[in-house]
Amino acid sequence: MRWPRRRPGRRRPARARLRQTSAPRPPIVGRLLWRPSRRSPRQRLREPARAVLTATAAVALLAAVIVPTSTVMITDARDEAATPSATPAPGLMTPAAPEDDDAPTPSPGAIDLNTRSIDDPASIWVVVNKVRPLQPVDWAPGDLVTVDVTSNPGGDQMRAEAAEALHRMDQTARDESGQGITIVSGYRSYERQQSLYAAYARRDGQAAADTYSSRPGHSEHQTGLSCDLQQPDASCSVCNQFGSSPLGEWLAGNAWRFGFVQRYEAGQEHVTGFMEETWHYRYVGVDLATWMHEHDVHTLEAAFSLPDAPDYP
Ligand SMILES: [Zn+2]
């Protein structure tokens, strides 16, 4: 395994190194304890299972060659942890020891990324992108309601849970940013997206349209979980200056509290296939949005260890 990179000139006390190296890790079935790692969240989730196999293999080997137990335990512990049957010593359940003050702060929020489907169009975790169309492509939600925010000039709708969260976010945004939310686009049907995309492709060409508009069946707006937002004065409608308005800045820092994520961030174009859209927010629920916020995860593709989706197949 790879230990977290440490700042030069700082060494962990020998006792701490020994304890981290030799102590059995607690069983973490169904939970993800934050450990600095380049591996993806989903890969980390699979590690307890892998550790069980590793431990089983070690026990079998033991019976065959009769090696002192402690040697095997240390080997296992170095291999990312977990002798699952071991009872953790008190205090070792805490991910960060006091001397780990330069390690990332352990997250109080653990999440099981397998609890909801990313394929079912009715799941609030469904991942839709250029390589993952909705299935069926003309799927439509059954629980659309008209969004109640400061301004909804087009009478836009979203799925009930997302609309309720957006309503609460609007109330708080008014208090904390001084600006209420205007929604300029919510749910869009397959047919609506078809005509929008066709119009953009006619105007700008298909290649250009593909950088900012989804082909029908590939739009997050069709899930009923996404919305395009703008500030009240409408000086910037679906344009990225929105990101530096009081409301845009507040949303970027606080939308996670209400279960929303900015879906298309700058610097993630190679992953999402879309240019930055500071106005486009996607509801994923508070658990996932909080986890992404705390762990600095910027796309749903990264959260679920999915392939990048820069282009249509
Ligand atoms: Zn949008």
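What is the calculated FRET efficiency for Tyr190 to Ala110, with r their C-beta to C-beta distance and R₀ = 25 Å, to the nearest 0.05? With R0 = 25 Å, the Cβ-Cβ based efficiency is 0.10. Fully extending the segment from Asp119 to Ser305, taken as 0.36 nm per residue of separation minus the present Cα-Cα distance, adds 65.6 nm.
Computed with every protein chain present, the accessible area of Phe258 is close to 20 Å² [probe 1.4 Å]. Arg159 contributes an accessible area of around 30 Å² to the protein surface, as traced by a 1.4 Å probe with all chains present. Take Asp138, project a point 7 Å from its Cα along the Cβ direction, then tell me which residues of the range 194-225 have their backbone nitrogen under 20 Å from it. Counting only backbone N, you get 194-199, 214-224. Around Pro307, with a cut-off of 10 angstrom between Cβ atoms, what is the net charge of the other residues, counting Lys and Arg +1 and Asp and Glu -1? Surrounding charge for Pro307 is -1. Charged side chains reduced to their Cβ positions (Lys and Arg at +1, Asp and Glu at -1) give the range 177-313 a dipole of some 500 debye around its Cα centre. Label point of Thr211 set 7 angstrom out along Cα-Cβ; within the range 266-284, amide nitrogens under 17 Å from it belong to 266-278. The overall shape of the range 222-298, judged from the alpha-carbon gyration tensor, is prolate: a/c is not under 1.5, and a/b is greater than b/c.
The values are calculated or read from the model by the stated rules, or taken from the named source; none is laboratory data. In this text, all values refer to a predicted model and were calculated from it rather than measured experimentally. Virtual Cβ from ideal backbone geometry, glycine too; neighbours counted across all protein chains shown. For the accessible areas, the whole protein counts, side chains as well, though only heavy atoms, and no ligand, DNA or RNA atoms are used. Shrake-Rupley method; radii C 1.70, N 1.55, O 1.52, S 1.80 Å.
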